[in-house]
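Chemist: There's a structure below that I have some questions on.
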There are 2 protein chains.
Amino acid sequence: MFEDAELGQTISKEEYARRSTELRGALLDAQYALKDSRAFPVIVLVGGVEGGGRGETVNALTSWMDPRHIEVNGTGEASDEELERPRLWRYWRMLPSAGKIGIFFGSWYTWPIVNAAMAERRPHWARLDRRVAEINRFELMLADEGALILKFWFHLSRKAQRRRIRELRADPLTRWRVTKKDEDYFARYDRFREVSERVLRDTSQAYAPWIVVEGVDRRYREIVTAERLLDGLRHRLEKPSVQPGRTATTDPSPGVATKRTILTQLDLTKEVPRKRYERDLEKWQGKFSLLTRHKRFRNHSVVVVFEGNDAAGKGGAVRRLAAAVDARFMRIIPVAAPTDEEKAHPYLWRFWRHLPRHGNIVVFDRSWYGRVLVERVEGFCSEWDWQRAYGEINDFEEEMTGHGIVVVKFWLAISKKVQLERFKEREAVAFKRFKITEEDWRNREKWDLYSDAVCDMVSHTSTRRAPWTIVEANDKYFARIKVLKTVHDALERGLER
Amino acid sequence: MFEDAELGQTISKEEYARRSTELRGALLDAQYALKDSRAFPVIVLVGGVEGGGRGETVNALTSWMDPRHIEVNGTGEASDEELERPRLWRYWRMLPSAGKIGIFFGSWYTWPIVNAAMAERRPHWARLDRRVAEINRFELMLADEGALILKFWFHLSRKAQRRRIRELRADPLTRWRVTKKDEDYFARYDRFREVSERVLRDTSQAYAPWIVVEGVDRRYREIVTAERLLDGLRHRLEKPSVQPGRTATTDPSPGVATKRTILTQLDLTKEVPRKRYERDLEKWQGKFSLLTRHKRFRNHSVVVVFEGNDAAGKGGAVRRLAAAVDARFMRIIPVAAPTDEEKAHPYLWRFWRHLPRHGNIVVFDRSWYGRVLVERVEGFCSEWDWQRAYGEINDFEEEMTGHGIVVVKFWLAISKKVQLERFKEREAVAFKRFKITEEDWRNREKWDLYSDAVCDMVSHTSTRRAPWTIVEANDKYFARIKVLKTVHDALERGLER
């Protein structure tokens, strides 16, 4: 979930000046419209890593709006008054009334995450899951009662956090801000990341989404946060919802603040020369083949998902993978339009039925991600349908990984230019012509919409146990080797568990 | 949750003959309408205690409808095929397609409940809660995908189950049906009841409700099950839902099959003579008073809820309770129409704010149950609002009891006749006249609607840790003593924890 918050996002001084001026006016207008309508309360949660700029961002927001109608709630240690009441009492006390904005600096997420991450040995996952379920019920109730809920998470990569702590410590004026606690937490960076990822994944709902903000650049994080808050306010003010617990708070597309995404950041010039390709191909196919004949594989199975731009070379990569494995133990499932029988079931049914037995590999050439890609972009399902799909898909993959299935997911990315070349080549070469249709050209026109959908998809469904691998596929050789190596490594790790 | 399935419901032979004939025709019609429309799949779960008549009821249903379009799925031990896939795979395999009815005899509930109840020592509650959360996400997804989900639970009281096992064992023809497993399970009756209650409470959703059926009388359970299934089918066929995950499958009113309810079963003639009343009052006030001065009470608190028919004597009972306690540590919260500030928050906010500190008692004279009583009956909130309130209220009370608050809830019940007498008396006596309004007379006209709402309320929100006590209140003396004694006993148990 944090990949797209480690891209090195920045905003220049000039751009910041321009956009912040616009935003301040717009936010004030929205705030007053909210206040006058008294239509709903706004609950803004601010969480994230130490040094991620939570405090500064909250200060910026309150100074940009009318602070009389914003309540900022810090939640440190509980008071004795609070300790004598049920856990949620302190938060109920702080709930903003309709027409107001309540910012929770720390929230009902703080202690579950800290307790799990700082546990002596490993986190008590079942206990954490129970808290998560309680939180989900609590937030659904708030949303059903009409609250607009936006949850911001300020993220720093390990490197960025280390740098941040060093900077603060180096300056005599800020040295006091680095506490023993910060250092203890930082020592557990990986644990915190693991726990937070899980909590965020399981509590990101269309009606109460997590918005992960890269916390390195002050200007960037302020602008992003303000824009998302403004979006959420406007969206609800303009379209009052009868069933707020079933409605997205805001369009989840990223890139409001910047055009830098996981896709634009790819180095598509990566390539492998022909000679080396042939050598590497043989090497990785051999290694992978060995793994699939390992006796431990008899208690495991593998699911590989291929998604990617049209003409990105999925078919070629799948064939190179298949060539390494005994055909009796591998199935390739090409996913096209659903059959009548499949249509008569929930959309995941057609994928569940193909899950492999132990010792088997199933490759999905396109997959359940169609729901959040083509179905979203083409409007084949409702907004609510594809938004709830992120959580449903995570549950589905959690079922798989929890059972010991190794799940590997690829997005094969090519540039728009390379796609054009390949389309033209397909049209020109007789035996390739079947590979190109009118639909491919139509999809190409929606390139940007698909890119947004891909970024959202990766952001919502790349998890520790079922991560996305983005493959730079302008060079087919490079792509194929990366695919083979990734599947090999994943299976190798899987067999060790 | 099981109180209203221990009422000794029966249906006579003649009535059964008449109603089953009607039902068979109607069910067949509904089944064919479903089949022709192919609009949605129907998922019927059948669970409950051994000997509760699950098998016979399923057989009756399938023989009444066209068995070609019903699939009955037994789920015993998993096959080796199934063991090699994720847990839910076997159920996905069995999902009925749109237009069909799938009956799950045993289901995704079976193993979580059995494992928790049969655990060597105490159940692993956190693990159970995790399963429950998974199940809720799974069923919500099915509902969002359009499935109609009805979950039947066949219940027997401990006594009835013992009798059932004895009967089966006594008859040479049925002796084989009582297995070692049945006896092991029966030996853990209380544990099973505790675990099932928790699971049912946490998984009963408006879109996937649990329907608890008393399993003693064959005719009764068949008619109830068939009527509820028919209701569900008709409801959805007539009003196709755009958001099935947010829609009740059927009107949850009980008493479709019979007019025997927890209210009709009360013995309202219970009374305490004046002399004994005065003696008992002093005794229980004294005992309760002592408890509230116990040093352990400094780490506990008490929340008492009074609901009841108009003129049932809530005020008098509250005063007798208050008289026993140091006024500094007790607050009485009369609940009338919400203030402007309260209206600007989620409906539970006005109750959360009054939760007591340790060593304190708060009495709510009417309460959050207004949502599922007056607001439901008078249409002050939407159907969806009051239906989701059961779960929200359970969560709220779970927060309280989890924190060590002793929660005691009373429904003071009087007969319609006694109410009339008291109304007339109030009108006649000058100093009582403020107690009777036009509204009271209007409510009285809706007596039956309120009775339905009360039965639903008790059925959905009476839990082990926060049970309802129904107080027979035709005799005020009897009612007051029962109230005092119940609060005393609850606090006594609470202090032992």
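No lab work stands behind these numbers, since they all come straight from the coordinates. All of these numbers come straight from a predicted model, not from anything done at the bench. Here the Cβ positions follow ideal geometry from the backbone for every residue, glycine too, while neighbour counts run over all protein chains shown.
Chemist: Taking the label point 7 Å from Cα in the Cβ direction, how far apart in nm is A:Arg298 from each other copy of itself, listed shortest first?
Modeler: 6.5
Chemist: With labels modelled as points extended 7 Å from the Cα through the Cβ direction, what inter-label distance (nm, one decimal) is found for A:Leu268 paired with A:Asp190?
Modeler: 3.5 nm
Chemist: Going 7 Å from Cα along the Cα-Cβ axis for the label, what nanometre distances separate B:Arg328 from the same residue across the other copies?
Modeler: Those label-point separations list as 8.5 nm.
Chemist: Of all GluC sites (Glu not before Pro) in segment B:71-101, which ones are in loop regions per DSSP and have a Cβ with at most 10 other Cβ atoms within 10 Å?
Modeler: Loop-located and lightly packed - B:Glu77.
Chemist: Quick one: order A:Ser97, A:Ser462 by neighbouring beta-carbon count within 10 Å, fewest to most.
Modeler: With the sparsest Cβ surroundings first, the list reads A:Ser97, A:Ser462.
Chemist: Something else: Taking the simple approach of a point 7 Å from Cα along Cα-to-Cβ for both B:Val429 and A:Thr174, what is their distance in nm?
Modeler: 7.5 nm
Chemist: Hey, another quick one. Shortest first and in nm with one decimal, please list how far the B:Glu492 label point sits from its counterparts in the other copies (point 7 Å along Cα→Cβ).
Modeler: Result for B:Glu492, in nm, nearest copy first: 6.9.
Chemist: Quick check on the exposure proxy: order B:Lys35, A:Lys432, A:Lys482 from fewest to most C-beta atoms within 10 angstrom.
Modeler: Fewest-to-most ranking of B:Lys35, A:Lys432, A:Lys482: A:Lys432, B:Lys35, A:Lys482.
Chemist: Can I ask one more? How much of the DSSP bridge set in the protein assembly as shown is antiparallel, in percent, rounded to the nearest 5?
Modeler: 0 percent
Chemist: Under the Kirkwood approximation applied to all pairs of distinct alpha-carbon atoms, what is the hydrodynamic radius of segment A:270-363 in Å?
Modeler: 15.3 Å
Chemist: Report Rg (one decimal) and Dmax (nearest whole number) for segment B:336-450, counting Cα atoms only, units Å.
Modeler: Over segment B:336-450's Cα set, Rg and Dmax evaluate to 16.7, 47 Å.
Chemist: Chain A: Rg/Rh from Cα coordinates, Kirkwood Rh?
Modeler: Ratio value, two decimals: 0.98.
Chemist: If you don't mind, another one. From the P(r) of segment B:274-496, can you give the percent of Cα pairs sitting at distances over 21 Å?
Modeler: The share of Cα pairs beyond 21 Å in segment B:274-496 comes to 56 percent.
Chemist: Which whole-angstrom value gives the distance between the alpha carbon centres of segment A:198-232 and segment A:45-116?
Modeler: The distance from the Cα centre of segment A:198-232 to that of segment A:45-116 comes to 15 Å.
Chemist: In Å, what Kirkwood hydrodynamic radius results for segment B:1-149 from the alpha-carbon pair distances?
Modeler: 17.6 Å
Chemist: Turning to a different aspect of this structure: Of the cross-linked pairs A:Lys151/A:Lys270; B:Lys283/B:Lys476; A:Lys343/A:Lys482, which ones have a Cα-Cα span greater than 27 Å in the structure shown?
Modeler: From A:Lys151/A:Lys270; B:Lys283/B:Lys476; A:Lys343/A:Lys482, over 27 Å: A:Lys151/A:Lys270; A:Lys343/A:Lys482.
Chemist: If you don't mind, there's one more thing I want to ask. Note the direction-averaged projected area, equal to a quarter of the hull surface, for the Cα convex hull of the protein assembly as shown, in nm².
Modeler: Hull-based average projected area comes out at 47.1 nm².
Chemist: Now, a different point. Specify the inter-centroid distance of segment B:294-364 and segment B:435-452, based on alpha-carbon positions, in whole Å.
Modeler: Here the two parts' Cα centres lie 24 Å apart.
Chemist: Note down the net charge around B:Tyr477, summing +1 for each Lys or Arg and -1 for each Asp or Glu among other residues with Cβ under 12 Å from its Cβ.
Modeler: +4
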